[in-house]
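Worksheet: one structure, shown below.
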Amino acid sequence: MAGQALIDIRGLFKAFGDNEVLRGIDLAVRNGETMVVLGPSGCGKSVLLKHIIGLMKPDGGSIVVEGREITRLARGELSNLRMRFGMVFQGAALFDSMTVGANVGLPLVEHHRTRGSELDRLVEEKLEMVGLSGTAHLWPSELSGGMKKRVALARAIALDPDVILYDEPTTGLDPVMAEQINELIRSTQKKLNATSVVVTHDLHSACFTGDRVALMDDGRIAFEGTTDELTTTENEAVRTFIARGRRRLPGEREADSSRDRFGLL
Amino acid sequence: MTSSSVTARRNHGGFGTGLFRTLGGNALELVTEVGAAGLLLWRSSLALRKFGRSVPLVVEQMRRIGVDSLPLVIITAVFTGAVTAVQAAYQLKEFVPKIYLGVAIYKSVTIELGPVLTALVVGGRVSASIAAELGTMRVTEQIDAMDAMAIDPVRYLVMPRIVAALIMLPIVTIFADVLAISGGFVVANLSLDVSVKTFVEGMKLYFFPHDVLGGLLKAFVFGGIIAVMGCTAGLRTFGGAVGVGRAATRAVVASCVLILISDYVLATLLFKVIFGEA
Ligand SMILES: Nc1ncnc2c1ncn2[C@@H]1O[C@H](COP(=O)(O)OP(=O)(O)OP(=O)(O)O)[C@@H](O)[C@H]1O
Ligand SMILES: [Mg+2]
């Protein structure tokens, strides 16, 4: 499991105008592991993931994937790299002008020129993996939030990627659905033997899906360690983050939305 | 009255300077937009290498840009022709024999009114819808998702729209020309007492193929403007639903302004320099 770093982020800096979001992120993701990045809402987790897959350009620092600096890759090389990545966007980002089946099949059609019954078979296979067999004919607007997330996952694993990036896979889902997604991440992980980066502010999800955990705080990584170390560490930032999470007990969940200042729902 | 509102007013100046500032700002915005559009056009032409795989996408866009615009084009064309007939008859009355009515209508329609009015109405419709569609895809991260799965949005979304518009605008314009001339003829015939024979004779008298050709060349360029400005505004969208609305407006304004400017440039180029020599 403890391979060398597949993704190596050093001193990553990114600002939007005066808003310094990432202020020197150092993070190494090893081959084959599931790395969970924890952090409160708005701390820049989505921005971090978008840098890893080259959708945003950093203002400073480096992102090395398999020994190659991705900010300096030519367009073609970046494409080749991205084909080995799958990303589940925070809002699912399904193509709403296409059916579920077409969404999942698009990478196959575009990159492997899969057609006809072979395509149908592969699409159905991926949908079955996320527990949605028989939904290929539906439109994204006909799906619930949880179903959208699962379709997004099916689309992300369509090309059997080596690396999967998840942006808040369980946010906004009910506990049962969240549990299903967590298990899905685990099982996908095992089936594809992929390296995963899971971004979340859900502690439970982090401990369940992750091998190692990193906590983002104030634009930097405040803590990095195994899931066990997370619960035992004396690290200030971790203790504060966990304490904030504790304040939200079951039953309080919908009762007081002003408690969601930290986006822990 | 706080001091800040006073300075705010001072900064805006009077109505006159405010107007100029707005015009200046808009002009600058248009220049930036055109620059971005040029870049997008270049990237789309590079994407033509994979044209073979995009044929179904182009066909779909041809339907949406061309066929779906036909009802609007029919109404515009018929009434444009009819008005041209009435106006031409009024302006030529006393000086010019009725035989010239046909040629007046034919010339003004094929060279100018057909291509320009078609482009303006189709442009309003199509560039706004392209900008809103791509803009929505942008703000809902669908464009990012496409990029992330290594599918080039320029190849998949932009290039098919530009190619389809380049093909469809001339075709729709031919359609509009025919309808406008027919509309003009109907008015000429019914209310101005011009017979079929006189009308057609007049048209034949000064028929130059390059009039039609020049008009269609204009339509081709206008098609490119419509699609590329719609795509540019769409891809540059930010800021949620409001941003999508802004993108649609920007696309329509930019394509209308550029259609009118390039019409002047093309008219000079085609009918003074190129065909003028012949
Ligand atoms: N494209 C952008 N332009 C300007 N600012 C941005 C952009 N994207 C993100 N930001 C800013 O970066 C900060 C971090 O955003 P990000 O979406 O990464 O947060 P997050 O940690 O993913 O939060 P959440 O848990 O709510 O998803 C926010 O302050 C946001 O305003
Ligand atoms: Mg986020």
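The values are calculated or read from the model by the stated rules, or taken from the named source; none is laboratory data. From a predicted model like this one, the values you see are computed outputs, not experimental measurements. Quick reminder, even Gly has a Cβ in these numbers, built from the backbone with ideal geometry, and neighbours come from all protein chains shown.
A few remarks follow.
- Residue count, region B:147-180 (criterion: more than 11 Å from chain A (Cβ to nearest Cβ) and among the basic types (Lys, Arg)): 1
- Residues that are touching a helix residue (DSSP H, G or I) at 6+ places or on another chain (Cβ under 8 Å) and away from ligand 1 (no atom under 16 Å from the Cβ) were ranked within region A:163-178; the one that is farthest from A:ASN31 (Cα to Cα) is A:ASP174.
- Residue check, A:ARG220 of a type in the set (D, E, K, R), at pLDDT 65 or above and surrounded by 14 or more Cβ atoms within 10 Å (Cβ to Cβ): yes
- Here A:VAL163, A:VAL151 are screened, and the one residue that is within 14 Å of chain B (Cβ to nearest Cβ), touching a residue at least 12 places away in the same chain (Cβ under 8 Å), away from ligand 2 (no atom under 16 Å from the Cβ) and closer than 30 Å to A:GLY60 by Cα is A:VAL163.
- Options B:VAL6, B:VAL55: the member that is assigned to a helix (DSSP H, G or I), among the β-branched types (Val, Ile, Thr) and modelled with pLDDT of 90 or more: B:VAL55
- Matching strands (runs of 3 or more DSSP E) fully within region A:1-120 where at least 3 residues are more than 11 Å from chain B (Cβ to nearest Cβ): A:5-16, A:19-30, A:34-38, A:60-65
- Residue within region B:219-232 that is more than 16 Å from ligand 2 (Cβ to nearest atom), aliphatic (A, V, I, L, M) and under 17 Å from B:SER108 (Cβ atoms) present: yes
- Here A:LEU55 does not fit the description of being of a type in the set (A, V, I, L, M, F, W, C), within 12 Å of ligand 2 (Cβ to nearest atom) and within 24 Å of A:GLU168 (Cα to Cα).
- Selected residue [away from ligand 1 (no atom under 13 Å from the Cβ) and more than 21 Å from the chain's Cα centre (by Cα)] from A:GLY24, A:GLY54, A:GLY76, A:GLY32: A:GLY76
- The selection criterion, being under 21 Å from B:VAL58 (Cβ atoms), surrounded by fewer than 24 Cβ atoms within 10 Å (Cβ to Cβ), within 13 Å of another protein chain (Cβ to nearest Cβ) and of a type outside the set (Lys, Arg), does not hold for B:ASP144.
This table checks each residue for (1) among the charged types (D, E, K, R); (2) at pLDDT 85 or above; (3) in contact with a Gly (Cβ under 6 Å, 6 or more places away or on another chain).
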{"site": "B:PHE79", "(1), (2), (3)": "no, yes, no"}
{"site": "B:THR84", "(1), (2), (3)": "no, yes, yes"}
{"site": "B:TYR90", "(1), (2), (3)": "no, no, no"}
{"site": "B:LYS98", "(1), (2), (3)": "yes, no, no"}
{"site": "B:GLY102", "(1), (2), (3)": "no, no, yes"}
{"site": "B:ILE111", "(1), (2), (3)": "no, yes, yes"}
{"site": "B:ALA119", "(1), (2), (3)": "no, yes, no"}
